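Q: Below are the structure tokens for one structure; questions will follow.
FYI, it's all coordinate maths here, none of it is from the lab. As the structure is a prediction and not an experimental result, all values here were calculated from the model. Glycine also receives a Cβ, built like all others from the backbone with ideal geometry; neighbour counts cover every protein chain displayed.
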Amino acid sequence: MSSGDSHLRDERRAQLAALLDASGTVLRLAAPLVDLLVRLSLAKAFFAPGMLPSSHLFAQTGWPTIIVQVAGPVLLAAGLWVRPVALLMLVLTLLAQTSGPPQDEHPFWAALFGWYVAQGAGPLSLDHLLAKGLGFSPLPLAGRAMAAADWLDRWVGPLYRLAVRLWLAAALAGDALAPSMLPATASAMLPATASAMLPRPWALLAAALLGVGLGTPLVAAGLLVAGTSMAMAGTDHAMTVYAPLLLALLGVSGAGRYSLDSLIAARMHRPAPPADDAPHIVIVGAGFGGMACAAGLRRERARVTLVDRYNYHLFQPLLYQVATAALSPGDIAIPVRGVFRDHPRLRVLCGQVSGMDIANRCITVDGRRLPYDMLVLATGASHGYFGHAEWAAAAPGLKSLNDATSIRSRILAAFEQAEATDDPVVRDTLLTFLICGAGPTGVELAGAIAELARHGMEKDFRNFDPASARILLVQAGPRVLPQFAERLSAFARASLEALGVEVRVNSRVEMIDAKGVVVNGERIAAATVLWAAGVVASPAAAWLGQEPDNAGRIKVGPDLSVPGLPNVFAIGDTALALAWDGQPAPGLAPAAKQAGAYVASVLRARLRGSNPPQPFRYRHQGSLATIGRKSAVADFGRVKLTGALAWWLWGAVHILFLARRRNQFAVILGWVWSYFTFDVGVRLITGDGPSRAGAALAGEQPE
Ligand SMILES: Cc1cc2nc3c(=O)[nH]c(=O)nc-3n(C[C@H](O)[C@H](O)[C@H](O)COP(=O)(O)OP(=O)(O)OC[C@H]3O[C@@H](n4cnc5c(N)ncnc54)[C@H](O)[C@@H]3O)c2cc1C
């Protein structure tokens with residue numbers, strides 16, 4: 001087979017795999033909710049008076065039945081001990097169905113309880129939350145219980161899904177072909193599928209597809225829609241309400257191991273081993289740009305190495321919340337290795353790149369040479385002090401997790417030391433927080449510090465009122481958030497002032513030292529000064545020997561390659577790409593992601609020998625900035641939002657873009673908790689944060 005054919009096959013396979021991935025993601029997101037809905041519905045049905053499986057059971061079995069019927073639903077709803085509880089409920093249901101008059105819903109109850117015995121509860125359950133901890137706990141029998149659960153998951157779960165599919169298929173086919181020929185015992189245990197809701201050929205097709213497990217989510221969705229439409233139309237063929245629940249559970253969980261769906265997915269995702277001479281693509285930087293590029297190449301017939309100095313990908317837009325004690329570092333960072341664990345062609349390397357040898361196509365990682373065939377530089381940016389590097393020690397910027405935890409320590413230490421001192425001048429200095437730069441980061445920092453001071457610690461100190469803290473936001477230009485429309489800038493300024501932030505526009509920072517700042521000739525004594533005024537690109541331009549622009553960025557061509565180096569690309573904050581209708585693409589996460597995905601498409605085309613894509617064009621999706629816990633501004637061009645609505649949108653977007661479910665839950669939980677309780681959770685002073693504020697105490701009085 002020619003290499004062109006194999007590339008074409010790879011391409012088709014990659015497209016199908018991408019489609020499967022996309023639909024898989026939707027199903028994975030829906031699955032926990034469906035699982036919760038099913039458990040709540042079963043719990044309600046079992047708990048509701050008059051819905052007991054059978055009152056004559058009570059006469060036969062006595063109090064155990066009542067205990068299961070009262071405690072079982074509560075545990076099922078909470079997702080605690082779901083497997084044993086479901087087993088008891090399954091037994092009661094089967095007893096009720098066989099010893100009393102058969103009921104349409106009982107087979108479905110039994111199937112659903114059986115599902116929970118075989119599969120356990122989903123992520124929105126206490127069982128799931130406690131599973132890992134329990135497995136390693138010294139509690140008696142905990143280890144054995146977890147091993148039994150694993151065994152059920154591995155062996156019984158897939159068989160059970162097969163059984164459910166065959167059971168539904170048999171009911172559909174039997175009903176469609178010869179309903180009257182079914183023996184009485186079979187009709188008691190087979191579900192009333194109301195196959196008459198579908199024309200006979202469709203019912204048979206659905207039965208066949210369910211039987212072999214092909215397109216199961218689609219088949220389940222089709223049956224669910226047909227069944228519920230019948231119910232809404234009020235026809236005689238409507239299914240019991242538990243049938244759609246079972247179909248939904250099957251649809252979102254998939255057909256299981258013994259199905260054609262599973263075979264196809266395994267084939268689509270099976271990576272062909274990269275040949276030793278396969279091109280080596282090195283991506284430096286696991287930020288937004290580098291991650292998007294790596295994700296776009298993870299199935300290519302190439303060796304891909306993703307290098308970063310840290311072992312995690314950082315969600316920088318929420319760094320300010322770590323710096324102001326609202327979130328923990330782990331809430332906004334995900335280990336890169338875990339993201340690509342299922343992609344054996346992609347290697348993750350943790351190391352610092354310090355330079356490169358262009359002639360020999362090598363980069364230097366922690367002193368070792370790493371050869372490349374194609375190189376993508378996505379090393380981002382850091383703080384820029386407009387030629388005043390000496391300000392850095394006195395006015396740290398916010399770019400990394402270390403920056404955030406050290407700023408958090410400075411802010412909290414200032415409050416601690418204000419409590420310790422009896423000198424009012426020193427205390428005023430300690431309680432003055434000055435932020436240089438009123439872009440989104442400066443505005444967000446100022447709003448969050450103001451809220452921390454006004455609401456987060458109001459009863460915590462005895463010698464002073466934290467609400468007396470002075471927060472200044474200093475901006476050289478005429479308005480805050482200059483990249484937003486004027487109306488939104490004005491709104492943001494008013495919101496900041498309502499929080500007690502002193503906003504100073506047209507104010508140039510002239511000097512920063514350990515005692516404070518000189519602004520427009522006026523010295524302001526401040527123990528905590530934060531820098532949010534400028535960024536400068538990583539030194540990648542110097543590595544390449546390229547002339548950078550005035551922000552240190554590498555100027556790249558329309559395909560984001562470096563001029564004169566067609567195998568080297570630069571993306572994100574470290575590159576200057578005139579891709580926004582001829583203007584530079586902005587230093588925003590979506591711009592870096594789009595550029596990363598684009599370079600992946602250029603490299604894919606090269607690897608497959610197909611036509612290169614059109615030049616890169618940045619598509620702006622809007623800008624958002626938040627001011628405290630109630631207000632935000634959102635600029636989508638024609639649509640502009642302010643206030644609470646914009647805040648909710650800001651929150652939803654940030655949750656959505658957090659890459660991992662665990663981080664999403666952690667952030668939502670942290671926000672909800674502090675939103676309603678004003679309790680700021682992560683008030684930890686770590687490292688050497690107190691030292692600067694301590695200088696003020698050590699007699700270094702402000703002038
Ligand atoms: C505090 C803050 C708030 C922000 N808020 C928003 C916002 O609300 N919305 C928005 O769209 N954008 C926001 N941004 C901007 C956005 O985060 C950046 O535009 C985006 O991260 C750029 O992506 P990137 O891939 O170019 O670089 P980055 O995401 O910065 O990634 C660069 C990566 O390269 C690695 N690296 C750097 N040098 C080396 C080296 N020598 N060796 C090995 N690895 C290296 C770094 O460790 C890092 O992982 C914010 C930025 C900050 C700092």
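Q: Please report the antiparallel percentage of DSSP beta bridges with both residues in region 397-548, rounded to the nearest 5. Show your work: numbers first, answer last.
A: Values: 8 of 22 bridges.
So the antiparallel bridges amount to about 35 percent of the total.
Q: I would also like to ask the following. With r as the distance between the Cβ atoms of K44 and Y310 and R0 = 45 Å, compute the FRET efficiency 1/(1 + (r/R0)^6) and round to 0.05.
A: On the way: r = 47 Å, r/R0 = 1.05.
Using R0 = 45 Å, I get an efficiency of 0.40.
Q: Fully extended, how many nm does the chain gain between V653 and R341 (0.36 nm per residue separation, minus their Cα-Cα distance)? Could you put the intermediate results ahead of the total?
A: Details: separation 312, 0.36 × 312 = 112.32 nm, distance 2.61 nm.
Contour length minus Cα-Cα distance gives 109.7 nm.
Q: Starting with the fewest neighbours, write out S23, S125 ranked by other beta-carbon atoms found within 10 Å of each beta-carbon.
A: Neighbour counts put them in this order, fewest first: S23, S125.
Q: A further question on this structure: Neighbouring Cβ atoms within 10 Å as the yardstick, rank C436, C293, C362 fewest first. Show your work: numbers first, answer last.
A: Values: C436 26, C293 32, C362 17.
Lowest count first: C362, C436, C293.
Q: Over region 379-525, what is the relative contact order in percent, taking alpha-carbon pairs closer than 8 angstrom and at least six residues apart?
A: On the way: 192 pairs, mean separation 29.3, N = 147.
The value is 20 percent.
Q: To check you understand DSSP bridge types, tell me what percent of the beta bridges within region 255-374 (both residues inside) are antiparallel, rounded to 5. Before the final figure, lay out each step's value.
A: Working: 11 of 22 bridges.
Here the antiparallel bridges make up roughly 50 percent for region 255-374.
Q: Ok, one more. Could you tally the net charge around A438, taking each other residue with its Cβ under 13 Å from the Cβ of A438, Lys/Arg +1 and Asp/Glu -1? Before the final figure, lay out the partial values.
A: Values: positive: R479, R493, R504, R508; negative: E444, E497, E502.
That works out to +1.
Q: How far apart, in nm, are two points set 7 Å out from the Cα along the Cα-to-Cβ line at S400 and at L669?
A: Here the modelled spin labels are 2.9 nm apart.
Q: Moving on to the next point. What shape does region 114-161 take by its C-alpha gyration tensor, where a ≥ b ≥ c are the square roots of the eigenvalues and a/c under 1.5 counts as rounded, a/b above b/c as prolate, and the rest as oblate?
A: Judged from the Cα gyration tensor, region 114-161 comes out oblate (a/c at least 1.5, b/c at or above a/b).
Q: Let me ask something else. Using 0.36 nm per residue, how much length does the chain from L130 to W151 gain when fully extended, once their Cα-Cα distance is taken away? Show your work: numbers first, answer last.
A: Values: separation 21, 0.36 × 21 = 7.56 nm, distance 1.77 nm.
The span from L130 to W151 would gain 5.8 nm if fully extended.
Q: How about region 357-440: which chymotrypsin sites (Phe, Trp or Tyr not before Pro) there lie in a loop by DSSP and see at most 16 other Cβ atoms within 10 Å? Mind dumping the intermediate values first?
A: Values: sites: Y372, Y385, F386, W391, F415, F433; in loops: Y372, Y385, F386.
In loop regions of region 357-440 (DSSP not H, G, I, E or B), the sparsely surrounded chymotrypsin sites (Phe, Trp or Tyr not before Pro) are F386.
Q: Same structure again: Take each of the peptides 470-480, 630-640, average the number of other beta-carbon atoms within 10 Å over its residues, and list them starting from the highest. Numbers along the way, then the final one.
A: Details: 470-480: 21.3, 630-640: 17.5.
Top to bottom by mean Cβ count within 10 Å: 470-480, 630-640.
Q: In whole Å, what are the extents of region 263-414 along the principal axes defined by its C-alpha atoms, from largest to smallest?
A: Here the spans come out as 58, 44, 21 Å, largest first.
Q: How much FRET efficiency would the formula 1/(1 + (r/R0)^6) give for S354 and W580, where r is the Cβ-Cβ distance and R0 is 35 Å, rounded to 0.05?
A: Working: r = 32 Å, r/R0 = 0.91.
Efficiency at R0 = 35 Å is approximately 0.65.
Q: If you project the alpha carbons of region 439-567 onto the principal axes, what extent comes out on each, in Å, largest first?
A: 64, 36, 31 Å, listed from the longest principal axis down.
Q: Of the peptides 602-609, 110-117, 259-266, how do they stack up when ordered by the mean number of other Cβ atoms within 10 Å, highest first? Don't skip to the end; give the middle numbers.
A: Values: 602-609: 18.1, 110-117: 23.0, 259-266: 16.5.
Sorting 602-609, 110-117, 259-266 by mean packing, highest first, produces 110-117, 602-609, 259-266.
Q: Rg (Å, one decimal) plus Dmax (Å, integer) for the alpha carbons of region 348-460?
A: 20.6, 64
Q: Quote to one decimal, in nm, the extra length available between Q621 and A467 on full extension: 0.36 nm per residue of separation minus the C-alpha distance between them. Please report the intermediate quantities before stating the final value.
A: Details: separation 154, 0.36 × 154 = 55.44 nm, distance 3.73 nm.
Working it through step by step, the gained length comes to 51.7 nm.
Q: Could you work out how far the C-alpha centroid of region 283-334 sits from that of region 392-413, in angstrom?
A: 20 Å
Q: I want to check the label-to-label distance for A485 and V505. Put each point 7 Å from Cα in the C-beta direction and report it in nm to one decimal.
A: Output for this residue pair reads 1.6 nm.
Q: Would you please give the residues with an amide H less than 5 Å from that of G516, counting only those at least 5 places away or on a separate chain, with H modeled from the backbone geometry?
A: Close amide H contacts, sequence-distant or interchain: A526.
Q: So, one more: Ordered by residue, what ³J(HN,Hα) values in Hz, to whole numbers, does region 301-317 give under the Karplus form 6.51 cos²θ - 1.76 cosθ + 1.60, where θ = phi - 60° and Gly and Pro are x?
A: Whole-Hz 3J(HN,Hα) from phi for region 301-317: 7, 8, 8, 10, 10, 10, 10, 8, 6, 10, 9, 9, 9, 9, 8, 4, x.
Q: So what J values fall out for region 427-444 if you push phi through Karplus, 6.51 cos²θ - 1.76 cosθ + 1.60 with θ = phi - 60°, rounded to Hz, Gly and Pro as x?
A: The phi angles translate into 4, 4, 5, 5, 9, 9, 10, 10, 10, 8, x, 10, x, x, 5, x, 5, 5 Hz.
Q: In what sequence do T379, T421 fall when counting other Cβ within 10 Å, fewest first?
A: Details: T379 26, T421 16.
Starting with the residue having the fewest Cβ neighbours, the order is T421, T379.
Q: Follow-up question, since we're still on this one. Taking each pair of different alpha-carbon atoms in region 496-627 once, compute 1/r for the pair, average those values, and report the inverse of that mean as the Kirkwood hydrodynamic radius in Å to one decimal.
A: Numbers: mean 1/r = 0.0563 Å⁻¹.
Evaluated over region 496-627, this radius sits at 17.8 Å.
Q: Taking loop as defined by DSSP and a crowding limit of 15 other beta carbons within 10 Å, which GluC sites (Glu not before Pro) in region 453-532 fit?
A: Values: sites: E458, E486, E497, E502, E510, E522; in loops: E458.
Filter output for region 453-532: E458.
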